[in-house]
Amino acid sequence: MFQKEINILDDPAAMAAYLTGRFGERMAAGKEEASLRIALSGGSTPGRIFRELVQPPGPAPFWRRVRFYQADERCVPPGHPDSNYAMIRSHLPGELQIPEAHFFRMKGEEEPEAEAERYGQLLAETLPMEEGWPVFDAVLLGLGDDGHTASLFPGDDRPPREGEYCTTAVHPLSGQRRLTLTLPVIKHDRQVILLVLGREKARIVFEVLCHPENYDYPAARVKPVRGALTWLLDREAASLLPPGAPFTC
Ligand code: 6PG
């Protein structure tokens, strides 16, 4: 069983404050030089939150000690408008003073299978391992309209091979090739945080949280092995949840 919670917050600024508080606690509990290893998703939601990280009282100093990885990437060059890496770099404010060496990007421009292998090796070399899986301190995920998360799409439930930490995928509508962390890597993370904004996501939030049995929602398969699962929703995204809904309504 895993610890799970739903937090309904006012806006992206409140979500940024929540993340700063949560990660700040972890960093304060560690040694001075401690770091956090966090995997970031793409899409539009994270950027709307990251840019709020410099809100008063200003950026927390610990951000420059965080190591940023990717949860998924589109198979495009880093300068392409679809690149998640480009979105992450453009929305993490310079005031956070994050050193270049703290970014571990998925190389969307490389041959997908070879890059999935390379990135998987990078995870094994730079992260702690538990039960044969690399473990992030946190992974920040989004939620697609079809219940996908990272680039784990409905119907794509091929179990990963032993030691397959990163794999390739194909977006079911656009056919765009993707790179993504595999589900066991996400499930072994210490903290899984789903970030969802906007009324257009209210229906899929309700479905995934209250009726996961209705469809093969990859986001509903994210059940941490021993970490914690947190949903950060704004009021619009949470608007169809029954009042006081428990985690599974
Ligand atoms: C991607 C993301 C994807 C995203 C969801 C939500 O590469 O597109 O990783 O999983 O998180 O599709 O996207 P929005 O934040 O744009 O709604």
DSSP-assigned coil residues among trypsin sites (Lys or Arg not before Pro) in region 1-91, each with at most 11 further Cβ atoms within 10 Å: LYS31
Region 28-84: GluC sites (Glu not before Pro) falling in loop per DSSP and having at most 12 other Cβ within 10 Å: GLU32, GLU33
The chain: relative contact order in percent, alpha carbon pairs under 8 Å with at least 6 residues between: 24
Exceeding the 24 Å Cα-Cα cut-off - candidates LYS201/LYS223; LYS4/LYS201; LYS107/LYS223: LYS107/LYS223
Kyte-Doolittle mean at least -1.0 and Cα axial length at least 15 Å: DSSP H helices in the chain: 12-29, 112-126
Ellipticity estimate at 222 nm from DSSP helix runs (n ≥ 4, -39,500 (n - 2.57)) divided over the chain, nearest 500: -7000 deg cm²/dmol
Chymotrypsin sites (Phe, Trp or Tyr not before Pro) restricted to region 1-82 and DSSP loop, no more than 15 other C-beta within 10 Å: PHE2
Which of PRO159, PHE136, PRO172, positive extreme of dipole for region 111-198 (C-beta unit charges): PRO172
Ranked by how many other beta carbons lie within 10 Å on average, peptides 126-132, 230-236 from highest: 230-236, 126-132
Cα centroid of region 23-60 to Cα centroid of region 167-205, whole Å: 20
Antiparallel DSSP beta bridges within the chain, as percent of all bridges there, nearest 5: 30
Mean separation of Cα contacts under 8 Å (6+ apart) over length of region 94-238, as relative contact order %: 25
Size of electric dipole in the chain: Cβ of Lys, Arg +1 and of Asp, Glu -1, about Cα centre, debye, nearest 20: 460
Packing rank of 144-150, 133-139, 102-108, 118-124, where each peptide gets the mean count of other beta carbons within 10 Å, highest leading: 133-139, 144-150, 102-108, 118-124
Reachable aspartates and glutamates, given that their alpha-carbon falls under 20 Å from the alpha-carbon of LYS31 and they are not under 8 places away in the same chain: ASP137
Net dipole in debye of region 97-215 [+1 Lys, Arg Cβ; -1 Asp, Glu Cβ; about Cα centre; nearest 20]: 360
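Since every read-out is calculated from the coordinates, none of them should be taken as a lab result. Quantities reported herein were computed from a predicted structural model and do not represent experimental measurements. Methodologically, a virtual Cβ is constructed for each residue, glycine included, from the backbone with ideal geometry; neighbour enumeration extends over all protein chains shown.
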